[in-house]
Amino acid sequence: MKIALGADHRGDTSAKALLAHLQSAGQQVTLLGDCGGQACDYPDNAYLVSKAVADGKAERGILICGSGIGVSIAANKIKGIRAALVFDEFGAAMSRSHNDANVLCLSADATPIKEIMAIVERWLKEPFEGGRHLRRVMKIAAIERGEDPSRVTVSV
């Protein structure tokens, strides 16, 4: 799978460890906007990763900042992105199976790297269930277009 990975300075160490882990597992991972250990602004790398996913250059994106909140907010500003802030494997599974999340946002400060790796593994393996969940994802897309989601009709 093609994965775009990005982090700010607080997520840098976790992102580098995750990069090595995913590459050793055979994933095609590209680190975008490497901070190089220096302070950097999370919206910059959230944009790069989310844009890569939205443009089809990556199938999924992973973002890590101190809290995970900032990258989640920034990523969700990109049309077509469904970014989910996740703190455990249950959340990872639900974000994929029910919400078809295409960008995973993580907290480097609240989540140890071992847990980050387990969360990512679960997130990458979990399929989207479709069905009634597809209707809800289509309603999210309607909101992106500035439409009233209650007017969306999708047969499932």
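Per-structure values
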{"read-out": "Residue in the stretch 47-55 that is surrounded by 22 or more Cβ atoms within 10 Å (Cβ to Cβ), β-branched (Val, Ile, Thr), touching a residue at least 12 places away in the same chain (Cβ under 8 Å) and not in a helix (DSSP H, G or I) present", "value": "no"}
{"read-out": "Residue that is nearest to Ala54 (Cα to Cα) [pool: residues in the stretch 113-138 that are at pLDDT 95 or above and of a type in the set (Lys, Arg)]", "value": "Lys125"}
{"read-out": "The listed residue being among the aliphatic types (A, V, I, L, M), modelled with pLDDT of 95 or more, part of a strand (DSSP E or B) and farther than 18 Å from Val29 by Cα, out of Ala84, Ala110, Ala92", "value": "Ala84"}
{"read-out": "The lone exception for Glu89 - which of (1) closer than 28 Å to Gly131 by Cβ; (2) crowded, with 20+ Cβ neighbours inside 10 Å; (3) of a type in the set (D, E, K, R) it fails", "value": "(2)"}
{"read-out": "Pair list, Cβ under 6 Å, 6 or more apart: the stretch 4-27 residue without any contact (Cβ under 8 Å) to a residue 12 or more places away in the chain, other residue in a strand (DSSP E or B) and not acidic (Asp, Glu)", "value": "Gln23/Val29"}
{"read-out": "Cys105 being modelled with pLDDT of 95 or more, over 20 Å from Glu121 (Cβ atoms) and not small (Gly, Ala, Ser)", "value": "no"}
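The values are calculated or read from the model by the stated rules, or taken from the named source; none is laboratory data. The structure presented is a predicted model; accordingly, all values stated were derived computationally and were not measured. Reconstructed Cβ throughout: ideal geometry from the backbone, glycine too, with neighbour counts over all protein chains shown.
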